[in-house]
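Everything on this sheet refers to the single structure shown next.
Read the figures in this text as sums done on the coordinates, not as results from a lab. Values in this document were obtained by computation on a predicted structure and should not be read as measured data. Neighbour counts are summed over all protein chains in view; Cβ atoms, including those assigned to glycine, are modelled from backbone coordinates with ideal geometry.
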Amino acid sequence: MRISVMDRCNFRCPYCMPEATYHEAFRFLGPKERLDFDEIERVARVAAELGVTKIRLTGGEPLLRPGLPDLVRRLSTLPGIEDVALTTNGVLLPRFAPALRQAGLRRVTVSLDSLDPVVFAHMSGGRGDLPAVLEGVDAACAAGFEGSVKINTVVQRGVNDAGVPDILARFRNTGVTVRLIEYMDVGNRNGWERADVVPSSELRARIAAVWPLEPLPPRYRGEVARRYRYVDGAGEIGFVSSVSEPFCGMCSRARLSSDGKLYTCLFATTGTDLRAVLRGNACDVAVDERLRTILSRVWRHRTDRYSEERRHSRLSRPGTGKASDRGKIEMHYIGG
Ligand code: SAM
Ligand code: SF4
């Protein structure tokens, strides 16, 4: 289960929260609209009873949520939860990495799209701080996440694809795994076009020409990234190919937005309101029972397969496809 703890962000990556939309007057959720930690813990506890074993905290920028280590501690000690992970843009990691580790966080993914200051500035909407993000990666390794730190790189043709080898070179032989993510048509505001996507197969061929690669088997059913290792033993990289090689049939992710809506797909248009249940006036036992019923029903009846449908639509034609206008939930709100 992926839990978005904060819809706000201190970056404005154009592929996620373009500044033109997310300007000063944009209305984000207020503190009372967001689920509080008791409410998040409660949903997670019921989800764990139903079989959820892994939780990833995301956003928006999750480290903007005050007291996040406290939430990590609560979630990581829930019966049945084996793994709590975090996806962050990394700038606040130098400050929080030790406390997160002590609270029981097991894995950290830092988003980093370029090592070129100009490209990085563009891809973070002019708000990123490249040295701080790199310091954040180091802080995570130093805090004991070593071996469980990943880098997420969203690749856009003509924007940062030429700089991918620099990122790989920096993290080869460090134990940090880079995952190259195809630019997706999440939300409705990033102006996605099929022509901006670099298919993983193309990227893989370009990389293998420099550093030969060989495939690795998935570690578990539903693993999103296709794993490869450098033949020279310098580590692994992953490819997340939701546009060119959709994996909807294997998807096992439920998503909880910061205001308590449950979604079963990153490209969903509607969610199920759990906050109304949490804040209704039923007794604790009745709330838990209601949550259990809703979670099981929503999960059993999910039919989402957006990425596979996209593959068979006009969006799959190189150079012609624009993003679907079906009113998808925005990524910063549902959580990436
Ligand atoms: N702010 C945090 C961060 O950037 O890591 C967490 C939230 S962010 C929405 C989660 C992940 O989604 C990031 O790795 C980001 O690069 C990725 N992402 C956002 N928009 C995307 C898009 N249009 N296509 C592919 N990945 C995207
Ligand atoms: Fe913020 Fe992450 Fe979206 Fe960038 S990708 S705008 S850092 S939520």
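Of note:
- For VAL197, the residues whose amide H sits under 5 Å from its own are ARG157, ignoring neighbours fewer than 5 places away on the same chain, with H placed 1.01 Å from N.
- Peptides 258-269, 227-238, 64-75 ranked from most to least packed by the mean count of surrounding Cβ atoms within 10 Å: 258-269, 64-75, 227-238.
- Other-chain or far-sequence residues with amide H under 5 Å of LEU57's (modelled H): ILE3, ALA85, LEU86, THR87
- Rotationally averaged projected area of segment 2-334 (alpha carbon convex hull; nm²): 16.2 nm²
- Efficiency of FRET from Cβ geometry, ALA286 and LYS32, R₀ 25 Å, rounded to 0.05: 0.65
- For GLU245 and GLU24, the difference between the fully extended length at 0.36 nm per residue and the C-alpha to C-alpha distance is 75.8 nm.
- Ordering of 121-127, 2-8, 293-299 by packing [mean C-beta count within 10 Å, highest first]: 2-8, 121-127, 293-299
- Free-standing Cys, the chain [no other Cys Cβ under 4.7 Å]: CYS9, CYS141, CYS248, CYS251, CYS265, CYS283
- Selected from VAL119, GLY104, ASN89, residue furthest toward positive end of dipole (segment 77-182; charges at beta carbon): GLY104
- Listed peptides 16-23, 27-34, 80-87 appear in the order 80-87, 16-23, 27-34 once ranked by packing, highest mean of other Cβ atoms within 10 Å at the front.
- Rounded to 5, percent antiparallel among DSSP beta bridges of segment 2-334: 30 percent
- Ellipsoid semi-axes in whole angstrom, largest first, where each is sqrt(5λ) of the Cα gyration tensor of segment 67-188: 26, 15, 14
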